[in-house]
Amino acid sequence: MIFGKLNPARSVGLAVLLGSTLLLGGCNDGSGDPRAEIGPNPKLPDLKQFLFPPIHIAHVVGWKQGETPNVAQGLKIQALATGLQHPRSLYVLPNGDILVVESKAPPAPTPKRPKDIVMGWVESWATSGGNTGTSNRITLLRDSKGDGTPDVRSVFLDHLNSPFGVALVGNDLYVANTDAIVRYPYKDGETKIDAPGKTLTELPGGPIDHHWTKSLVASPDGSLLYVGVGSNSNITENGMEAEHNRADILEVDRATGRFRVFASGLRNPNGLTFEPQSGALWTVVNERDELGPDLVPDYMTSVKDGAFYGWPYSYFGQHVDPRVKPQRPDLVAKAIVPDYALSSHVAPLGLAFYTGTSLPEAYRGGAFVGEHGSWNRDALNGYKVVFVPFSGGKPNGMAQDVVTGFLNSDNQARGRPVGVAIDKSGALLIADDVGNTVWRVTSAERVTSR
Amino acid sequence: MKDDTKTLYTTANPYSTAQIAGHPIHPMLVPIPIACFIGALVTDIVYAVSGEIMWADFSTWLLIVGLIGGVLAGIAGLTDLLSNRHIRAQPPAWPHGIGNIVVLVLSFFNLLVHTRDAWTSVVPTGLILSIIVVLILPVTGWLGWSMVYRYGVGVLR
């Protein structure tokens, strides 16, 4: 309970928050059409700074018996597994077994300023999915019949440290905890790993660890690992020294654990995956907050070796952020404009290219994006899974809503989508962290390819 | 003949209502906002010069503690002011009270500005508000001190 956790410092923060809300209550943040900010050329308004930024987060109510999200025409959805502990990402093993990474944020650091206390409270609303136990484990689901009812469910790995990314290369299974990439031996068909893990390389972790999810993918030849390391702040308010090797995608040599910065200026990169047609590395990125309801659009982009994508100095190319000191015009000048905007504050955390064949033809080759949903604008944005059509390895067309209904009619969150994956049968899987469910989306008409 | 002690004080000096054993609470609390708001200006200046975020964080804490102390001091002061017409009759009373309400309102907005992230939480708006507040403080302080040292408000005997 929120009020059960109140301490004196937190009460002060709350008083300030409530006082300010009353003062500015009823104001609309003047947000525009979120769809104007989707695509390669989003319409960017002038930046605004606030005395009190818009804060609106969907209160979590969970799924009632029999409730499911809504799907686009031609699709159907059912729960693959329920009663999980804050599932955040998914990984499908070569034999079709599904790894569900259940993960919770690392312990919050000591507050640096009163706002940290208030924001901690706001975030507790964002992720409070009831008591979901200790989490920080990986559950294996095996659906031998391929009908969406797993016949094996076992705890695959336990006692992890806020894990997120998983990658298998040969018999080496890598788990990206929030502070390290750890390697485990894996044999085909195993439902549980008992062997202790071996640290391949440490990653930037606590004590602040603001963006803590470490997305992971192996290069197609298996020699390298790519890991997304989010920034340690919204916009450097924890000091530049806290940002060492952060807001980066690191390239890790699998043989030695040595890493280098592959690309930088990516505020919070997740969903690292290789686009199958072009072979390029793609990511979805959470952009900065508190510049207005329609700034800054989150985006998906191909990631070029050595490229700089703006954070913290600028956004969407050369739009300078005045909150950063000292400014770096030299870096702003070389900042790359991302490929495809997904609209502001939608919080994309999952990305999967559709490589299967069992969903309708229109989905072939495109990208599914899990949008966890907004907190920094009055009209909620995100809280859904969208599909971005691709052609020739590049986005081609408007994003379409594929899975919605995570919000009920009162704008309360029944669930929130995070990681997405394609299972062996070609179905779309969605990790729903506050709904504690993995959803499975298939064709409405049964494709009889088995 | 009245033997009410309050009447006795009023014949000598205007008495304080918010007091503990004859010691008025208001002057005990006013050093808190004064010290904190001056401190916040100092840390704002150091941040503006150095860009070291720690100083901006100090400013925020100083502003919030100053505001809490200031509101409490204001409640004690307002209690004295409203419950004794002899205090209300002193020339500095209303300018002192209104001036300090302005200080608290400006500092509240200053705190909101300081909740922004990084550079623009201080420069320029936060720093300007801190300067204005610290310029008002000696004026309202002078008026407050004259209430005590010149007109003997809250002074026994």
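The values are calculated or read from the model by the stated rules, or taken from the named source; none is laboratory data. Keep in mind the model is a prediction, meaning the values are calculated, not measured. Reconstructed Cβ throughout: ideal geometry from the backbone, glycine too, with neighbour counts over all protein chains shown.
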If I go through region B:129-154 residue by residue, how many of them are outside any helix (DSSP H, G or I) and either surrounded by fewer than 17 Cβ atoms within 10 Å (Cβ to Cβ) or of a type in the set (Gly, Ala, Ser) (or both)?
3
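Can we say A:Val332 is over 22 Å from B:Val123 (Cα atoms), more than 14 Å from every other protein chain (Cβ to nearest Cβ) and either touching an Asp or Glu at 6+ places or on another chain (Cβ under 8 Å) or not small (Gly, Ala, Ser) (or both)? I'd like the intermediate steps shown before the answer.
Numbers: over 22 Å from B:Val123 (Cα atoms): no; more than 14 Å from every other protein chain (Cβ to nearest Cβ): yes; either touching an Asp or Glu at 6+ places or on another chain (Cβ under 8 Å) or not small (Gly, Ala, Ser) (or both): yes.
The answer is no for A:Val332.
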Can you pull out every residue in region A:223-241 that is free of Cβ contacts under 8 Å to residues at least 40 places away in the same chain, among the hydrophobic types (A, V, I, L, M, F, W, C) and within 9 Å of another protein chain (Cβ to nearest Cβ)?
A:Met240
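Restricting to region A:189-248, what's the tally of residues that are part of a loop (DSSP other than H, G, I, E, B), of a type in the set (Asp, Glu) and touching a strand residue (DSSP E or B) at 6+ places or on another chain (Cβ under 9 Å)?
To start, the set of residues in region A:189-248 that are part of a loop (DSSP other than H, G, I, E, B) comprises A:189-197, A:203-215, A:219-223, A:230-239, A:244-247.
Next, from what is left, pick out any that are of a type in the set (Asp, Glu): A:190, A:194, A:209, A:221, A:237.
Adding the requirement that they be touching a strand residue (DSSP E or B) at 6+ places or on another chain (Cβ under 9 Å) leaves A:190.
Within region A:189-248, residues that are part of a loop (DSSP other than H, G, I, E, B), of a type in the set (Asp, Glu) and touching a strand residue (DSSP E or B) at 6+ places or on another chain (Cβ under 9 Å) number 1.
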Please work out which residue is farthest from the other protein chains (Cβ to nearest Cβ), limiting yourself to region B:38-57 and to residues that are crowded, with 18+ Cβ neighbours inside 10 Å and under 21 Å from the mean Cα position of the chain (by Cα).
B:Leu41
Within region B:114-151, track down each residue that is free of Cβ contacts under 8 Å to residues at least 60 places away in the same chain, farther than 19 Å from B:Glu52 by Cβ and β-branched (Val, Ile, Thr).
B:Thr125, B:Ile128, B:Ile132, B:Ile136, B:Val139, B:Thr140
Criterion violated by A:Val303 - all others in (1) aliphatic (A, V, I, L, M); (2) touching a Ser or Thr at 6+ places or on another chain (Cβ under 6 Å); (3) farther than 20 Å from A:Val420 by Cβ satisfied
(3)
Condition met for A:Phe164 (crowded, with 17+ Cβ neighbours inside 10 Å and within 20 Å of the chain's Cα centre (by Cα))
yes
By residue number, the members of region A:315-326 that are surrounded by fewer than 23 Cβ atoms within 10 Å (Cβ to Cβ) and more than 9 Å from chain B (Cβ to nearest Cβ) are A:Phe316, A:Gly317, A:Gln318, A:His319, A:Val320
How do the pairs read when you match residues in region A:391-414 that are on the phi < 0 side of the Ramachandran plot and surrounded by 20 or more Cβ atoms within 10 Å (Cβ to Cβ) with residues anywhere that are among the hydroxyl-bearing types (Ser, Thr, Tyr) and not in a strand (DSSP E or B), using Cβ under 9 Å and keeping only pairs 6 or more apart or on different chains?
A:Val402/A:Tyr363; A:Phe406/A:Tyr383; A:Leu407/A:Tyr383; A:Ala413/A:Tyr383
Assuming A:Gly435 fulfils every condition listed in (1) touching a His at 6+ places or on another chain (Cβ under 7 Å); (2) closer than 27 Å to A:Val166 by Cα apart from one, which condition is it?
(1)
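Confirm whether B:Val113 is among the β-branched types (Val, Ile, Thr), in contact with a Gly (Cβ under 7 Å, 6 or more places away or on another chain) and modelled with pLDDT of 95 or more. Explain how you work it out, then say what you get.
Details: among the β-branched types (Val, Ile, Thr): yes; in contact with a Gly (Cβ under 7 Å, 6 or more places away or on another chain): yes; modelled with pLDDT of 95 or more: yes.
It is true that B:Val113 is among the β-branched types (Val, Ile, Thr), in contact with a Gly (Cβ under 7 Å, 6 or more places away or on another chain) and modelled with pLDDT of 95 or more.
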So, in region A:68-77, of the ones that are aliphatic (A, V, I, L, M) and not in a loop (DSSP other than H, G, I, E, B), which residue ends up farthest from the other protein chains (Cβ to nearest Cβ)?
A:Leu75
Here the residues within region A:51-67 that are surrounded by 13 or more Cβ atoms within 10 Å (Cβ to Cβ) and more than 14 Å from chain B (Cβ to nearest Cβ) are A:His56, A:Ile57, A:Ala58, A:Val60, A:Val61, A:Gly62, A:Trp63, A:Glu67
Which members of region B:88-128 meet the condition of being within 11 Å of chain A (Cβ to nearest Cβ), buried (at least 22 other Cβ atoms within 10 Å of the Cβ) and either touching a Cys at 6+ places or on another chain (Cβ under 9 Å) or under 18 Å from B:Ile32 (Cα atoms) (or both)?
B:Asn110, B:Leu111
